[in-house]
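Read through the structure below, which is laid out as structure tokens, and then see the notes.
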Amino acid sequence: MGIIRKATKEEINPLAVKMKKPVREDAFTEFIGVPATQADFNSITFRDVDLEKPFISYDEAMWDYFEPELSRRLAELGVDDSTGTRVRSALMELMPGGAYTIDDVAAKIGLSKRTLQRKLSEENTTFQKQLNSTREMLALHYIRNTDMTTNDIAYLLGYQELNSFLRAFTSWTGISITEYKKQMQES
């Protein structure tokens with residue numbers, strides 16, 4: 001909700017919030033705008049008019065610049081049919097919604113958890129390696145291309161604690177997020 005509100009600069013509230021394990025705290029309900037209800041799945045329902053509001057950061061010229069490269073990379077994903085690629089692709093879709101476990105990914109790509117583990121092992125990788133790789137790629141993308149806070153990025157990547165994300169970022173890049181941003185500004 002914080003990201004949607006920042007991106008549109010409007011106080012958008014959902015019609016309904018459904019959760020496997022609803023948060024019953026007043027601060028959560030106040031922030032979201034509606035109480036969460038119990039369900040077999042996590043979902044947020046918005047008004048159509050709210051979903052059509054543009055992000056203030058939308059830039060047609062920038063989209064025209066990035067779209068050809070994005071199309072090329074998506075085409076490459078279609079060519080590379082490895083299990084690792086399929087896992088990373090599924091994680092990129094699932095992660096912003098809070099689903100990033102091996103069970104979530106196995107269900108998304110239509111494999112059992114055990115079969116997924118076996119196929120990854122055959123490619124000399126693991127689910128954890130694919131998860132970390134996807135998190136690193138998305139973290140760098142968010143830092144380079146958005147003005148999201150470090151807390152928002154950590155949340156989107158499924159980190160329960162900010163410090164865990166900060167440690168992971170340092171292990172990926174060898175520098176802190178602050179140093180990384182400073183280097184970006186200098187180049």
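Residue check: M137 meets all listed conditions (1) touching a Phe, Trp or Tyr at 6+ places or on another chain (Cβ under 8 Å); (2) closer than 20 Å to V105 by Cβ but one, namely (1). All of (1) within 26 Å of P22 (Cα to Cα); (2) outside any helix (DSSP H, G or I) hold for L111 with one exception: (1).
Yes or no: S176 in contact with a Ser or Thr (Cβ under 8 Å, 6 or more places away or on another chain), of a type in the set (S, T, Y) and farther than 28 Å from D81 by Cα? Criteria met by S176. Among the numbered criteria (1) more than 23 Å from K18 (Cα to Cα); (2) surrounded by fewer than 18 Cβ atoms within 10 Å (Cβ to Cβ), which single criterion is violated by L120? Of (1) more than 23 Å from K18 (Cα to Cα); (2) surrounded by fewer than 18 Cβ atoms within 10 Å (Cβ to Cβ), only one is false for L120: (2).
Could you tell me which residue of the stretch 43-60 is modelled with the lowest pLDDT, considering only residues that are open to solvent by 70 Å² or more (accessible area, probe 1.4 Å) and part of a helix (DSSP H, G or I)? Looking at residues that are open to solvent by 70 Å² or more (accessible area, probe 1.4 Å) and part of a helix (DSSP H, G or I), I get E60. Can you find a residue in the stretch 150-166 that is hydroxyl-bearing (S, T, Y), surrounded by fewer than 12 Cβ atoms within 10 Å (Cβ to Cβ) and on the phi < 0 side of the Ramachandran plot? The answer is no; no qualifying residue exists.
How many residues are outside any loop (DSSP other than H, G, I, E, B) and touching a Gly at 6+ places or on another chain (Cβ under 7 Å) when one looks only at the stretch 119-148?
Start the filter on the stretch 119-148 by keeping residues that are outside any loop (DSSP other than H, G, I, E, B), which leaves 119-122, 127-145.
With the extra rule that they be touching a Gly at 6+ places or on another chain (Cβ under 7 Å), the set shrinks to 120, 130.
The total comes to 2.
If the condition is being in contact (Cβ under 8 Å) with a residue 24 or more places away in the chain and either assigned to a helix (DSSP H, G or I) or buried (at least 18 other Cβ atoms within 10 Å of the Cβ) (or both), then the stretch 88-99 contributes R88, L91, M92, M95, P96, G97, A99.
For the stretch 1-35, a residue qualifies if it is open to solvent by 50 Å² or more (accessible area, probe 1.4 Å) and basic (K, R), and the qualifying residues are K6, K9, K18, K20, K21, R24. R167 meets the conditions (1) farther than 23 Å from G97 by Cα; (2) modelled with pLDDT of 95 or more in every case but one. The failed one is (1). Regarding D104, is this residue open to solvent by less than 70 Å² (accessible area, probe 1.4 Å), among the charged types (D, E, K, R) and under 22 Å from M92 (Cβ atoms)? Here the answer is yes, as D104 does meet what is asked.
The values are calculated or read from the model by the stated rules, or taken from the named source; none is laboratory data. Note that the structure is a prediction, hence the values are computed from the model and not measured. So basically every Cβ, Gly included, is an ideal-geometry build from the backbone, and we count neighbours across all protein chains shown. Surface areas here come from the heavy atoms of the whole protein model, side chains and all, with no ligands, DNA or RNA. Shrake-Rupley method; radii C 1.70, N 1.55, O 1.52, S 1.80 Å.
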